[in-house]
Amino acid sequence: MKLSLLVEQANIRDAAILGGDASVEITHIAENSQQARPGTLFVAVRGSVHDGHKFVADALKRGAMAVAGVLAERPDGLPENVPYVHVPDDRSAVAELSAAFFGHPSRKLQVVGVTGTDGKTTTATLIHSILLAAGKRAGLISTIRAEIGGRSYDTGFHVTTPEAFDVQRYLHDMVEAGTEVAVLETTSHALDQGRVLCVDYDIAVVTNVTHEHMDWHGNWENYMAAKARLFSVLNTSYRKPSTPKASVINADDRSYEWLKSIPADMHYIYGLDRRQQPDITADDLEFRADGTRFVVQTPVADISVSLHLPGKHNIYNAMAAIGAALALGIPAEAIKHGLENVEGIKGRTEWVDEARPLGFDVVVDFAHTPNGLEKALEFARQTVDVRGGRVIAVFGSAGLRDRAKRGMMGHVAGKLSDLTVVTAEDPRTERVEDISAEIALALEAEGRVEGRDFWQIHDRAEAIAYAIALAQAGDMVITCGKAHESSMCYGTEETPWDEFAAVKAGLARRGVK
């Protein structure tokens, strides 16, 4: 697409092409100079740490044909033949240009957005499965993968919601594949940074909003405000024929009071606390190691569900998914089948079968927040208590991220696990030793003694192997924080990582072939 036409169709107020050849063909848009290639429009985004204008030369070296940014004049040193697009807001411009490049694909789809601190991937996966059970042509973009036209694609190492250009590309590919409904896992970072600015959502779903990302948002109120944008945008996004704007909110969560007042055509409120008079609730709860059984009461029918996902938190995820399904007019029978068709989700309370001959369990879980760790360890505690076993937890906390949660997670483990091995989880440029020490202080505050109740082992593979070596019959080893992720960040480099391979290597030391 010619640059002049792209800028025109993006309809960015006060945008102007300053010099250069405006007829140049644009085939790609990037905000990271390392992703530039021939035909790229490089948007020089000014971030909290780096100014993208400092990387213009690198983008041009890699083949960029045009540059966009907020400078009112062409940057010094920009070659005369390279056009510069002045935009009033660089982050918004990335989304607006990307949506225009792909012909605003979300206007041709029904779009469900799922946000929250924990449970986004599970809830999005359950919604996707329900849609498929109802015979809908459905697509999915989640932390783990993108599902488009029956094919699955990796969405990246540490990416929940991709960059704006990739989001629009996935949505465009869905349209091309004949998709009717897109389910998009949507983070607070994506909402705050404008990655989903030009996604025309129809249904907004929240799981919960607990402590996370305070390094970016500063406090819970700012974090909540970012999450709430998904619901506010329902009132300004493109309206599609016969598609009402609907919100699905958790009455039992702190976010409820904030979100319930945001207008929508339809509201579905879910929860287990009947005092809130939720539209969707559940009773006859039966918890098992391999899943849960319950009966959901909804405005259209009562639905008896045998869910293959264990833990009370997954009942909440299922109710959230049901709310989205009802908003889309999915019948009760398809909702039941869709929920029950999900056999498991990569890295979400995933059992490692090879451990069972040894008489103990090993579970891999993505839990990387205080609330997520608490739910994971509550499940483990509930499972082992009936057989007199112990919970052995392995986890760490990410470097250059929310420091406050390190102590919070240590307190959680101190209360709920019998033994804890503290280890690395993407330390980045921080020392693993320093991060682990903060967690250890909280464990000690809970009365735990290092060398008896907990250990600090900085190599994650060794930490997992040590935890497995401690396990006895009836115990559960639960490794938290990495799960499906295929890399570990040390310094500024991503190093290949496979949590399941590390677990199996630890089991091999115990004689499991």
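The values are calculated or read from the model by the stated rules, or taken from the named source; none is laboratory data. Quick caveat, the model's predicted, so the values are computed rather than measured. Virtual Cβ from ideal backbone geometry, glycine too; neighbours counted across all protein chains shown. Heavy atoms of the whole protein, side chains included, go into the accessibility calculation; ligands, DNA and RNA do not. Shrake-Rupley method; radii C 1.70, N 1.55, O 1.52, S 1.80 Å.
The table below lists the values:
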{"read-out": "Pair list, Cβ under 7 Å, 6 or more apart: the range 38-59 residue at positive phi and free of Cβ contacts under 8 Å to residues at least 60 places away in the same chain, other residue surrounded by fewer than 21 Cβ atoms within 10 Å (Cβ to Cβ) and not in a loop (DSSP other than H, G, I, E, B)", "value": "G39/E25; G39/H28"}
{"read-out": "Listing of strands (runs of 3 or more DSSP E) fully contained in the range 394-484 that carry 2 or more residues being farther than 26 Å from G344 by Cα", "value": "419-422, 454-456"}
{"read-out": "Hits in the range 275-303 - residues which are assigned to a strand (DSSP E or B), out of contact with any Lys or Arg (no Cβ under 7 Å at 6 or more places or on another chain) and of a type in the set (S, T, Y)", "value": "T292"}
{"read-out": "From the options T161, T187, residue that is farther than 14 Å from S92 by Cα, at pLDDT below 95 and open to solvent by 10 Å² or more (accessible area, probe 1.4 Å)", "value": "T187"}
{"read-out": "Among the candidates G329, G372, G323, residue that is closer than 24 Å to F395 by Cβ and either open to solvent by 40 Å² or more (accessible area, probe 1.4 Å) or outside any strand (DSSP E or B) (or both)", "value": "G372"}
{"read-out": "Residue match in the range 214-228 (condition: of a type in the set (K, R) and open to solvent by 10 Å² or more (accessible area, probe 1.4 Å))", "value": "no"}
{"read-out": "Close pairs (8 angstrom Cβ cut-off, 6 or more residues apart or separate chains): within 13 Å of K375 (Cα to Cα) and touching a residue at least 60 places away in the same chain (Cβ under 8 Å) in the range 288-316, surrounded by 14 or more Cβ atoms within 10 Å (Cβ to Cβ) and acidic (D, E) anywhere", "value": "G311/E378; K312/E378; H313/D118; Y316/D252"}
{"read-out": "Breaking point among (1) open to solvent by 50 Å² or more (accessible area, probe 1.4 Å); (2) more than 28 Å from V512 (Cβ to Cβ); (3) in contact with a helix residue (DSSP H, G or I) (Cβ under 9 Å, 6 or more places away or on another chain), for A473", "value": "(2)"}
{"read-out": "Check on G481, in contact (Cβ under 8 Å) with a residue 60 or more places away in the chain and not polar (S, T, N, Q)", "value": "yes"}
{"read-out": "Pairs with Cβ under 8 Å, 6+ apart, first in the range 162-188 and within 16 Å of A10 (Cβ to Cβ) and in a helix (DSSP H, G or I), second open to solvent by 40 Å² or more (accessible area, probe 1.4 Å) and of a type in the set (A, V, I, L, M)", "value": "A164/L197"}
{"read-out": "Any chance V384 is β-branched (V, I, T) and open to solvent by 10 Å² or more (accessible area, probe 1.4 Å)", "value": "no"}
{"read-out": "Residues of the range 5-50 classified as in contact with a His (Cβ under 7 Å, 6 or more places away or on another chain) and among the β-branched types (V, I, T), total", "value": "1"}
{"read-out": "Given (1) in contact (Cβ under 8 Å) with a residue 24 or more places away in the chain; (2) more than 25 Å from the chain's Cα centre (by Cα), number of the condition D434 does not satisfy", "value": "(1)"}
{"read-out": "Number of the condition not met by E25 [criteria: (1) open to solvent by 40 Å² or more (accessible area, probe 1.4 Å); (2) at pLDDT below 95]", "value": "(2)"}
{"read-out": "Residue list for the range 1-39, filter: in contact with a helix residue (DSSP H, G or I) (Cβ under 7 Å, 6 or more places away or on another chain) and not hydrophobic (A, V, I, L, M, F, W, C)", "value": "Q9, S23, E31, S33"}
{"read-out": "Of all residues in the range 251-287 being touching a residue at least 40 places away in the same chain (Cβ under 8 Å) and of a type in the set (G, A, S), the one that is most open to solvent (accessible area, probe 1.4 Å)", "value": "A264"}
{"read-out": "Any hit, the range 86-93, residues being closer than 30 Å to M1 by Cα, under 16 Å from the mean Cα position of the chain (by Cα), in a strand (DSSP E or B) and not charged (D, E, K, R)", "value": "no"}
{"read-out": "Test: residue in the range 96-117 that is among the hydrophobic types (A, V, I, L, M, F, W, C), without any contact (Cβ under 8 Å) to a residue 60 or more places away in the chain, buried (at least 24 other Cβ atoms within 10 Å of the Cβ) and within 16 Å of Y170 (Cβ to Cβ)", "value": "no"}
{"read-out": "Yes/no for E354 being among the charged types (D, E, K, R), within 30 Å of A204 (Cα to Cα) and open to solvent by 10 Å² or more (accessible area, probe 1.4 Å)", "value": "no"}
{"read-out": "Qualifying residue in the range 37-46 (condition: surrounded by fewer than 20 Cβ atoms within 10 Å (Cβ to Cβ) and closer than 26 Å to Y201 by Cβ)", "value": "no"}
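Residues are listed down the side, and each one gets a yes or a no for (1) closer than 19 Å to P370 by Cα; (2) of a type in the set (A, V, I, L, M); (3) touching a helix residue (DSSP H, G or I) at 6+ places or on another chain (Cβ under 6 Å):
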| residue | (1), (2), (3) |
| --- | --- |
| S397 | yes, no, yes |
| D402 | yes, no, yes |
| C489 | no, no, no |
| A501 | no, yes, no |
